[in-house]
């Protein structure tokens, strides 16, 4: 494994944990992880990169070793945190940014909001969120208020080995040694000797706002940087996203991805075979090769 360095960085006043790999003088690549994940999740992808790069990956707020916030978490905060991260590690520079799942959606948004800051954009199995209708607005607030009244928590595990087993269930290609490595970053030991996830359980709270896909499209259409969407052939995300399951493209599991991709002005869509949603765990060499070819 390529060695990483651990940093404590104040991002918008929040104590944040950031990992870096490589020489700071090398071309920079910023990586953002997904929901319930951590920066160390990119270790295997970084190991597979051929060219020397300075890779910067934070634990997003409320994840890993970054600070929690008691009022919950908002998507816009991740976008603002990314800008703070870029200003800390690459002030005034045009940069390459990539993200997986939640992180992929964040980098797409940022590239459309600050198009002059993005040189290349890579989204790993992230294609927006399931479209919602305004008629759901009241019910979404009800679910949010009801959830606020209940303490949030995660199940605990007997050991880090048990966490590793859980990770292997999520990624069928994940070897035991890699799962054991991730478990030590994904979880921590509690005072009672059991092991729990290191992320804030308030991430489980539902959002009170309606997700309007048209607003996301408007942001994406503002992206000027070349953009690479990397889809996983065996991912469940396209089916989860599909807002026309019985209509047009019902026989094509990637129809919804293709419809959404049409809103990216200068994009390329590739698919990684034999990989699920955690494609950077399942096929890190193939994902790294696609990213490097695109960045070059």
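The values are calculated or read from the model by the stated rules, or taken from the named source; none is laboratory data. Everything numeric here is computed off the predicted structure, so don't read it as measured data. Don't worry about glycine lacking a Cβ; one is built from the backbone with ideal geometry, like all the others, and counts go over all protein chains shown.
Could you identify the single residue in 128, 112 that is in contact (Cβ under 8 Å) with a residue 12 or more places away in the chain and in a helix (DSSP H, G or I)?
Details: 128 fails: in a helix (DSSP H, G or I).
The match here is 112.
Okay, residues lined up against (1) at pLDDT 95 or above; (2) within 30 Å of residue 149 (Cα to Cα); (3) touching a strand residue (DSSP E or B) at 6+ places or on another chain (Cβ under 7 Å); (4) assigned to a loop (DSSP other than H, G, I, E, B):
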| site | (1), (2), (3), (4) |
| --- | --- |
| 207 | no, yes, no, yes |
| 217 | yes, no, no, no |
| 225 | yes, no, yes, yes |
| 244 | no, no, no, yes |
| 247 | no, no, no, yes |
| 252 | no, no, no, yes |
| 256 | no, no, no, no |
| 263 | yes, no, no, yes |
| 286 | yes, no, yes, no |
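Hey, among 184, 166, 178, which residue is within 23 Å of the chain's Cα centre (by Cα), touching a residue at least 40 places away in the same chain (Cβ under 8 Å) and assigned to a helix (DSSP H, G or I)? Write out each step before concluding.
Details: 184 fails: touching a residue at least 40 places away in the same chain (Cβ under 8 Å); 166 fails: touching a residue at least 40 places away in the same chain (Cβ under 8 Å).
Only one candidate qualifies: 178.
Quick check on region 66-87: of everything there that is part of a loop (DSSP other than H, G, I, E, B) and within 16 Å of the chain's Cα centre (by Cα), which residue is surrounded by the fewest Cβ atoms within 10 Å (Cβ to Cβ)? Please lay out each step first, then the result.
Step one: of region 66-87, the residues part of a loop (DSSP other than H, G, I, E, B) are 66-74.
Going one step further and asking which of them are within 16 Å of the chain's Cα centre (by Cα), we end up with 66, 73-74.
Working: 66: 25, 73: 18, 74: 13.
This residue is 74.
More than 30 Å from residue 152 (Cβ to Cβ) and part of a strand (DSSP E or B) - does that describe any residue in region 33-49?
No, every residue in region 33-49 fails to be more than 30 Å from residue 152 (Cβ to Cβ) and part of a strand (DSSP E or B).
Which ones in region 65-84 are in contact with a strand residue (DSSP E or B) (Cβ under 6 Å, 6 or more places away or on another chain) and either touching a residue at least 60 places away in the same chain (Cβ under 8 Å) or at positive phi (or both)? Spell out how you get there, then give the answer.
Our first condition is that a residue be in contact with a strand residue (DSSP E or B) (Cβ under 6 Å, 6 or more places away or on another chain); within region 65-84, this holds for 65-67, 81, 84.
65, 81, 84, listed by residue number.
Check region 151-161 and report whether any residue there is surrounded by 15 or more Cβ atoms within 10 Å (Cβ to Cβ) and within 22 Å of the chain's Cα centre (by Cα).
yes
For region 141-163, how many residues meet the condition of being under 14 Å from residue 195 (Cβ atoms) and in a helix (DSSP H, G or I)?
Residues meeting the conditions: 4.
May I ask you to list the residues in region 9-27 that are assigned to a strand (DSSP E or B) and within 25 Å of residue 178 (Cα to Cα)?
Residues satisfying the conditions are 16, 17, 18, 19, 20, 21.
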